[in-house]
Amino acid sequence: MPAAIRTLALVVNAGKNGASEIARDLMDIAAGRGVNVRSTHEFPLPVGLLKDCDACCVIGGDGTLLGVVGEAAREQVPIIGVNRGSLGFLTTFSAEEARAQFDALLEGRYCLAWRSLLDCSIGDQHVLALNDILIKEQRNSSIVRLEVRADDELVADYHSDGLIFSTPTGSTAYNLSAGGPLIHPGAEVIALTPICPHTLSNRSIVFHHDVKLRVINRDPATCLLVAADGHHNLTTCSTEPISISLAPVRLPLAQSLDYSHFSVIRTKLRWSGGAANRE
């Protein structure tokens, strides 16, 4: 079980309905236990906010949490996600659960899920992603021609609207919408899913954990957008390879002791293995 929380960062998306009210309630609980709280409504995060923190509570939607991932991973600070968005795959605590369980969370009564991250670089530009890396044409939806290599071996030359490189955590996001596979978040793999490929045989591929992927732009007239979790965008107008691999660090994500991944999938995606209206 993790250690008790003595210093807590509180990141609040004030634009989300009820987020500020929840933040006040949680701060009152923390104050009653003598916990030092550093709070912010600012994005990107103030420099050094998470340094020496025992945990970071994020109140907002999954997008809010994704904006904290890079700093939390670098500092190895567990994220406690409180959902005020729509779906809440990553912000796993509801407002009611957060209020009811916050004393226990501050005592360290939660479990840690270590989530894989993607490391993406173009030259000296570098980003981390918890969900996915998207590569597409920079300005519009023109077709791109992208060569993909795995450990220097040619995988395929894709003619498509773009490519999605996904972690298991991100497999329920853009990857799933584009027809990619659901992957258990405990797996250490990378999924590649083409977006609207011009060859019917181009389907998703799942790579092993230590693969080194390179993506090469085969149309020098096309500039590419490389988006990490929809937050951090890189651009390139050269044929310099885009390198993608699993990052050497993982993200610690706090979950309740009774958390069930498959229950979340069934509830959030209305997913069922049984036939409907069976008689």
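A short reminder: the numbers here are calculations on the coordinates, not readings from a lab. This one's a predicted model, so the numbers in the text were calculated from it and none came from an experiment. Methodologically, a virtual Cβ is constructed for each residue, glycine included, from the backbone with ideal geometry; neighbour enumeration extends over all protein chains shown.
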>> Which residues does the label zone of Ser142 cover in region 222-261, counting backbone N under 11 Å from a point 7 Å along Cα→Cβ?
In response: 222-224
> Ranking Ile22, Ile80 by Cβ neighbours within 10 Å, fewest first, what do you get?
Replying inline: Ile22, Ile80
> Which cross-chain or sequence-distant (5 or more) residues have an amide H under 5 Å from the amide H of Gly108, H modelled 1.01 Å from N in plane?
Replying inline: Ile5
> Each residue of region 37-54 in turn: what ³J(HN,Hα) in whole Hz from Karplus with 6.51, -1.76, 1.60 and θ = phi - 60°, glycine and Pro shown as x?
Replying inline: 10, 10, 10, 8, 10, 8, 9, x, 5, x, 4, x, 4, 8, 4, 6, 7, 8
> Taking H as built 1.01 Å from N, whose amide H comes closer than 5 Å to the amide H of Arg115, not counting residues under 5 places away?
Replying inline: Leu251, Leu253
>> Neighbour counts of other C-beta atoms within 10 Å: give me Cys223, Cys120 arranged from fewest to most.
In response: Cys223, Cys120
> Under the Karplus relation 6.51 cos²θ - 1.76 cosθ + 1.60, θ = phi - 60°, what is the ordered set of whole-Hz ³J(HN,Hα) values for region 185-192, x standing for Gly and Pro?
Replying inline: x, x, 6, 10, 9, 10, 9, 10
>> Taking θ = phi - 60°, what integer Hz values does the Karplus form 6.51 cos²θ - 1.76 cosθ + 1.60 yield along region 171-181, in sequence order, with x for Gly and Pro?
In response: 5, 8, 9, 4, 3, 5, 4, 8, x, x, x
> Where a ≥ b ≥ c are the square roots of the eigenvalues of the C-alpha gyration tensor, would you call region 118-246 rounded, which needs a/c under 1.5, or, failing that, prolate if a/b is larger than b/c, or oblate?
Replying inline: rounded
> Calculated from the structure, Cα Rg over 2.2 N^0.38 Å equals which of [x] 1.00; [y] 1.31; [z] 1.07?
Replying inline: [z]
> Order of Ser201, Ser116, Ser20 from fewest to most other C-beta atoms within 10 Å?
Replying inline: Ser201, Ser20, Ser116
> Ordered by packing density, taken as the mean number of other Cβ atoms within 10 Å over each peptide's residues, highest first, how do 47-57, 258-268 rank?
Replying inline: 47-57, 258-268
